[in-house]
Amino acid sequence: MAGMNFQYDETGSTFYYFLVSFYALALIPFSIWVFRAKEDKDPKDKDKTICHCEACQAKNRRLHASKPKERFIQKILYIVVIVGWVLFAWAAYKVAQIKTDHVEYDPYEVLGIDRGSSDKEIRQQYRDLSKVHHPDKSGGDDTMFLRIAKAYAALTDAESRKNWEEYGNPDGPGAMQFGIALPKWLVEGNTSIWVLMSYVIVFMVILPAVVGTWWYKSIKYSGDKILLPTTQLYYYFINKTPNMVFKRAFMILAASFEFWKRHNNEVVERPTDDEEVRQLMRDVSSTYLNEKNREQPLCFPYSVKARALLLAHMQRLQLPSTHLHSDLLHLLSKCPTLINEMVQICAQLTAMSKAGHATKPRLETLENIMKMCPLLVQGLWENNSPLLMLPHISEQQLKHFVNKKRAIRNLKQFCQLADEDRRSLVKHLEDQEYKNIINTLRSIPAVTMQCDMKVLDDEDNSITANAIVTVMVTLTRESMLSKYGSDPGSLANAADWPAAEGEDAEVALDDEPPADDPDMQEEEVEEKKKSSKPWEKNKGKKIKGRCKEKETRGICTL
């Protein structure tokens, strides 16, 4: 190209400038990402608000043990950042040591005179320097003489002076020079073949292999990282059964191909699975297992195993081995995403049904699919009390929550009790166990939904026929304990939590003692006998013309 001169960087100065600039653009944001500040709570404060029951501690240990790979990768990133900054400091030092080749041309400096010198003084200085540096003189210098003549012309000749003022050079504009930010030795000589081989390896071997691997993995999954065969399975069964009961939805979820080793290498199959799964199937007493179903893939072994494990989880059964427990954790980690995919497919089938391409799922189908998620997260069955989500609460203890004086059937009612009443209701628990219950209630969210329908971009916001209505939904998340009841607050230790204060506080809500206190039971039975009315003395005895009460079952037969 005319007027331009491209040349490689002989000294390497341009290359170092390029290196420093590149590192500044890449290293700074990368370092911020690696060392980004995490606004975590103070570990001491966080320790006050989490549950310390045995199950939660086991979960925390499992989560902590599952992160060694992440910690190793984090250490590698720290090392990369440190090495990067060392290289950056070295490059910056090299740039600082580089002397600038370009010096602004100053004819006064060449002649060695002041800028305010007159034409007479300029001519006199030129003659004196010419006598010294003229090539015909002894000790003369051709280069220095040319510089002197050029400087004299820049100060005395009108055209040369104009060129100097406009272009910084008495000779006028010169060719623009560009330096390629690569050392000359990198592309010349014996190293050129190695550079060419590096280009071939990077762009013809490594890059196609990386792109091909990424493409092969990406075509197996949908946008939400769900296997495409699983998505097709959901489409088929939901379209086939638009009125789907809960049992059917549960069986389809367990048949997801994420649980089959043929489609997912994360699944582990062991020789002991047959015996252990058979034992688990005997322990699981539910018609939802339905192992005699012959519909594919609902009858495949992986699907039956998944159903047995999920049923055991919701029935809170003890698994016969640790291997099955690890398999259950894998299933539970996939279920929320899979259930969300089923919900989206219901929405898509509803849209397709308007064009006559599919059968519209009924609302009951969508409700049964969405019902699975909270049941799996909470580890409860359909008819279980939600109070079982609380730590240290079992089926045997639930009978003390419902009697003639009270009816505590859900978490909201339990939160609405005063803190003293809650403590007396679970008086058989230790202070630390009660603290775990409070921390769990504090972590459970209470979501309030507010819907507002309006017509946007219109002067009249009233809803009329054929108007485009926008539904604005506002979700407010609060702590259940703070919203519905009194929160005792985060206290430092278990000794600060309110405990049961004497028998008066216990009797306030408990007319039945805990099952593990037989002495209290006998005392209350004696008090009931003493305080019974005369007409209640024959209660439970066979009297002619009246009913005989069967106290064991709580029913009457004539």
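Each row is one residue, and each column tells you yes or no for (1) under 26 Å from the mean Cα position of the chain (by Cα); (2) of a type in the set (A, V, I, L, M); (3) over 13 Å from residue 373 (Cα atoms).
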{"position": "300", "(1), (2), (3)": "no, no, yes"}
{"position": "308", "(1), (2), (3)": "no, yes, yes"}
{"position": "320", "(1), (2), (3)": "no, no, yes"}
{"position": "338", "(1), (2), (3)": "yes, yes, no"}
{"position": "345", "(1), (2), (3)": "yes, yes, yes"}
{"position": "350", "(1), (2), (3)": "no, no, yes"}
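Scan segment 311-323 residue by residue and report those that are surrounded by fewer than 15 Cβ atoms within 10 Å (Cβ to Cβ) and outside any loop (DSSP other than H, G, I, E, B).
Once the filter is applied, which keeps residues that are surrounded by fewer than 15 Cβ atoms within 10 Å (Cβ to Cβ) and outside any loop (DSSP other than H, G, I, E, B), segment 311-323 yields 322, 323.
What are the residues in segment 402-438 that are open to solvent by less than 60 Å² (accessible area, probe 1.4 Å) and among the basic types (Lys, Arg), if any?
406, 422, 423, 427, 435
For segment 448-457, enumerate the residues that are in contact with a strand residue (DSSP E or B) (Cβ under 9 Å, 6 or more places away or on another chain) and either more than 21 Å from residue 485 (Cα to Cα) or surrounded by 10 or more Cβ atoms within 10 Å (Cβ to Cβ) (or both). Give the steps one after another, and end with the answer.
Our first condition is that a residue be in contact with a strand residue (DSSP E or B) (Cβ under 9 Å, 6 or more places away or on another chain); within segment 448-457, this holds for 448-456.
The answer is 448, 450, 451, 452, 453, 454, 455, 456.
Quick check, is residue 326 part of a helix (DSSP H, G or I), without any contact (Cβ under 8 Å) to a residue 60 or more places away in the chain, farther than 20 Å from residue 262 by Cβ and not charged (D, E, K, R)? Don't jump to the end; show me each part of the working.
Working: part of a helix (DSSP H, G or I): yes; without any contact (Cβ under 8 Å) to a residue 60 or more places away in the chain: yes; farther than 20 Å from residue 262 by Cβ: no; not charged (D, E, K, R): yes.
For residue 326, the condition - part of a helix (DSSP H, G or I), without any contact (Cβ under 8 Å) to a residue 60 or more places away in the chain, farther than 20 Å from residue 262 by Cβ and not charged (D, E, K, R) - is not met.
Which numbered condition in (1) more than 21 Å from residue 265 (Cα to Cα); (2) part of a helix (DSSP H, G or I) is the only one that residue 295 fails?
(2)
Picking from 359, 350, which residue would you name as being in a loop (DSSP other than H, G, I, E, B), of a type in the set (S, T, N, Q) and open to solvent by less than 70 Å² (accessible area, probe 1.4 Å)? Give the steps one after another, and end with the answer.
Numbers: 350 fails: in a loop (DSSP other than H, G, I, E, B).
On inspection, the qualifying residue turns out to be 359.
Check whether at least one residue in segment 286-308 is open to solvent by less than 50 Å² (accessible area, probe 1.4 Å), touching a Lys or Arg at 6+ places or on another chain (Cβ under 6 Å) and under 18 Å from residue 245 (Cα atoms), and report yes or no.
yes
When segment 389-401 is examined, which residues are found to be out of contact with any Ser or Thr (no Cβ under 7 Å at 6 or more places or on another chain), open to solvent by less than 50 Å² (accessible area, probe 1.4 Å) and in contact (Cβ under 8 Å) with a residue 60 or more places away in the chain?
397, 400
Residues that are closer than 24 Å to residue 50 by Cβ and of a type in the set (A, V, I, L, M): list the helices (runs of 4 or more DSSP H) wholly contained in segment 380-447 that include at least 2 such residues.
On the way: elements: 395-398, 411-416, 419-425, 431-443.
It comes to 431-443.
Find the residue count for segment 245-273, including only residues that are open to solvent by less than 60 Å² (accessible area, probe 1.4 Å) and of a type in the set (S, T, N, Q).
2
Please find, among 21, 13, 66, the residue that is out of contact with any Phe, Trp or Tyr (no Cβ under 6 Å at 6 or more places or on another chain), modelled with pLDDT under 70 and surrounded by 12 or more Cβ atoms within 10 Å (Cβ to Cβ). Before the answer, list the steps.
Values: 21 fails: modelled with pLDDT under 70; 66 fails: surrounded by 12 or more Cβ atoms within 10 Å (Cβ to Cβ).
Checking each option against the conditions leaves just 13.
Considering every residue within segment 365-373, establish whether at least one is assigned to a helix (DSSP H, G or I), farther than 26 Å from residue 252 by Cβ and in contact (Cβ under 8 Å) with a residue 24 or more places away in the chain.
Kept after step one, since they are assigned to a helix (DSSP H, G or I), are these residues of segment 365-373: 365-373.
Add one more test, that the residue is farther than 26 Å from residue 252 by Cβ, and what stays is none.
Scanning segment 365-373 turns up no residue that is assigned to a helix (DSSP H, G or I), farther than 26 Å from residue 252 by Cβ and in contact (Cβ under 8 Å) with a residue 24 or more places away in the chain.
Among residues belonging to segment 108-131 that are part of a helix (DSSP H, G or I) and among the basic types (Lys, Arg), point out the one that is surrounded by the most Cβ atoms within 10 Å (Cβ to Cβ).
To start, the set of residues in segment 108-131 that are part of a helix (DSSP H, G or I) comprises 108-111, 119-131.
Still in the running and among the basic types (Lys, Arg): 120, 123, 127, 131.
On the way: 120: 8, 123: 13, 127: 10, 131: 10.
Applying the filter and picking the extreme gives 123.
Tally up the residues in segment 274-285 that are in contact with a Pro (Cβ under 7 Å, 6 or more places away or on another chain) and either open to solvent by 50 Å² or more (accessible area, probe 1.4 Å) or of a type in the set (Val, Ile, Thr) (or both), please.
1
Looking at the structure I just gave you, is residue 371 surrounded by fewer than 16 Cβ atoms within 10 Å (Cβ to Cβ) and under 31 Å from the mean Cα position of the chain (by Cα)?
Values: surrounded by fewer than 16 Cβ atoms within 10 Å (Cβ to Cβ): yes; under 31 Å from the mean Cα position of the chain (by Cα): yes.
Against the criterion (surrounded by fewer than 16 Cβ atoms within 10 Å (Cβ to Cβ) and under 31 Å from the mean Cα position of the chain (by Cα)), residue 371 qualifies.
Against the conditions (1) under 23 Å from residue 317 (Cβ atoms); (2) hydroxyl-bearing (Ser, Thr, Tyr); (3) modelled with pLDDT of 85 or more, where does residue 394 fall short? Just the number, please.
Residue 394 satisfies every listed condition except (3).
Do we have any residue at all in segment 224-244 that's over 25 Å from residue 323 (Cα atoms), outside any helix (DSSP H, G or I), open to solvent by 80 Å² or more (accessible area, probe 1.4 Å) and modelled with pLDDT under 90?
yes
Looking at segment 202-221, I want the residues that are closer than 21 Å to residue 262 by Cα and surrounded by fewer than 10 Cβ atoms within 10 Å (Cβ to Cβ) and have a partner that is modelled with pLDDT under 85 and not aliphatic (A, V, I, L, M) with Cβ atoms under 9 Å, at least 6 apart or on another chain. Which pairs are those?
Note: no pairs meet the criteria.
Just the residues that are without any contact (Cβ under 8 Å) to a residue 60 or more places away in the chain and under 30 Å from residue 391 (Cα atoms), please, taken from segment 438-478. Please lay out each step first, then the result.
Step one: filter segment 438-478 for residues without any contact (Cβ under 8 Å) to a residue 60 or more places away in the chain, giving 438, 441, 444-478.
Matches in segment 438-478: 438, 441, 444, 445, 446, 447, 448, 449, 475, 476, 477, 478.
The values are calculated or read from the model by the stated rules, or taken from the named source; none is laboratory data. Predicted model only: the values in this text are computed from it and were never measured. For neighbour counting, all protein chains shown are included, and Cβ atoms are generated from backbone atoms with ideal geometry for every residue, glycine included. Protein only, heavy atoms only, side chains kept; ligands, DNA and RNA dropped before computing areas. Shrake-Rupley method; radii C 1.70, N 1.55, O 1.52, S 1.80 Å.
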